[in-house]
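Scroll down for the structure; my scribbles are underneath it.
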Amino acid sequence: MGKITIKDKTFKPYISAEELQTSISKVANEINTHYIGKSPIFIGVLNGSFMFMSDLLKEINLQCMVSFVKLASYEGTTTTGKVNELIGLNEDIEGQDIILVEDIVDTGNTLVKLYEILQNKKVNSIKIASLLFKPEAYHKPYPIDYIGKEIPNAFVLGYGLDYDGYGRNLSSIYVLDEQ
Ligand code: 5GP
């Protein structure tokens, strides 16, 4: 694996496809064990989570449902400013066990908005699974229950994650080359 350039930036190999699959198997095993006898709904946050969701779900042996959502943010008419709306969720999730599937948790701002919207739908439980996690950037109250891999504060690309819309199709993770 060599360096790649997308637009004005160069990225170097960081996490191989093999290492990703090992991390994903670990997460799948944890979830399979914790949810024995239960029937959770996996909710992926688009666009970044599509590859992780796909590989993770192949290793989940529970009876489960899968759905994808997008967080849309628009200016409200009140003084409170931005309003967040969840698009794409057609299932009735009241009373259900939710596993929120994220590509990466950085500051956690996105996650908190999603979490609060889901909580208001009277679900039974919410757990968070993220392929990558930047602990140095995260100062929010919700625990990240299932983590593929912790990484330092750096910009990464590939396996669902983009730079300016490109790079999501890469099967491994690259990191911005600062040189
Ligand atoms: P947060 O709200 O936790 O700061 O980050 C939310 C979103 O920002 C992630 O779901 C992801 O789409 C994007 N993001 C955060 N860190 C990175 C990164 O290192 N690389 C890429 N490509 N996207 C990131």
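Coordinate-derived values only; no laboratory data. Every value quoted in this text rests on a predicted model; they were computed, and no experiment measured them. Glycine also receives a Cβ, built like all others from the backbone with ideal geometry; neighbour counts cover every protein chain displayed.
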Original post:
In debye, nearest 20: dipole of region 63-160 around its Cα centre with unit charges on the Cβ of K, R (+) and D, E (-)?
Top reply: 120
Subject >> Within a Gaussian network of the chain (alpha carbon springs, distance under 10 Å), most fluctuating of D92, D162, D106 >> reply: D92
Subject >> Stretch gain in nm, segment S16-S54, where the contour uses 0.36 nm per residue and the Cα spacing is subtracted >> reply: 12.0 nm
Subject >> Label-point separation, L176 to N120 (7 Å along Cα→Cβ), nm >> reply: 3.3
**OP:** Within the set of other residues whose C-beta is less than 10 Å from the C-beta of K134, count the net charge using Lys and Arg as +1 and Asp and Glu as -1.
**Re:** -3
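Over all distinct alpha-carbon pairs, what is the Kirkwood Rh of the chain in angstrom? It would help to have the intermediate numbers written out before the result.
Numbers: mean 1/r = 0.0584 Å⁻¹.
Computed over the chain, the radius equals 17.1 Å.
Calculate how large, on average over all directions, the projected area of the Cα convex hull of region 67-136 is; give the answer in nm² to one decimal.
So the Cα hull casts an average projection of 5.5 nm².
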**OP:** Pull out a ≥ b ≥ c, the square roots of the eigenvalues of the alpha-carbon gyration tensor of region 13-98, then state rounded if a/c is under 1.5, prolate if not and a/b is larger than b/c, and oblate in the remaining case.
**Re:** oblate
**OP:** Could you give the size of the charge dipole of region 91-140 about its Cα centre, using +1 on the Cβ of each K and R and -1 on the Cβ of each D and E, expressed in debye and rounded to the nearest 20?
**Re:** 180
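Please state the charge dipole magnitude for the chain, taken about the Cα centre, from unit charges on C-beta atoms (+1 on K and R, -1 on D and E), reported in debye and rounded to the nearest 20. Spell out each step's value before the answer.
Values: 17 positive and 23 negative charges, 7 e Å.
Charge dipole of the chain: 40 debye, to the nearest 20.
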Original post:
Lysine pairs, Cα distance under 26 Å, 8 or more residues apart or cross-chain: how many in region 68-157?
Top reply: 26
Original post:
In terms of the Cα gyration tensor, with a ≥ b ≥ c the square roots of its eigenvalues, is region 1-52 rounded because a/c is under 1.5, prolate because a/b exceeds b/c, or oblate?
Top reply: oblate
Subject >> Protection proxy ranking of 27-33, 5-11 - average other beta-carbon atoms within 10 Å, highest first >> reply: 27-33, 5-11
Original post:
Want the number for E85 to S67: 0.36 nm per residue separation, take away the alpha-carbon distance, what's left?
Top reply: 4.9 nm
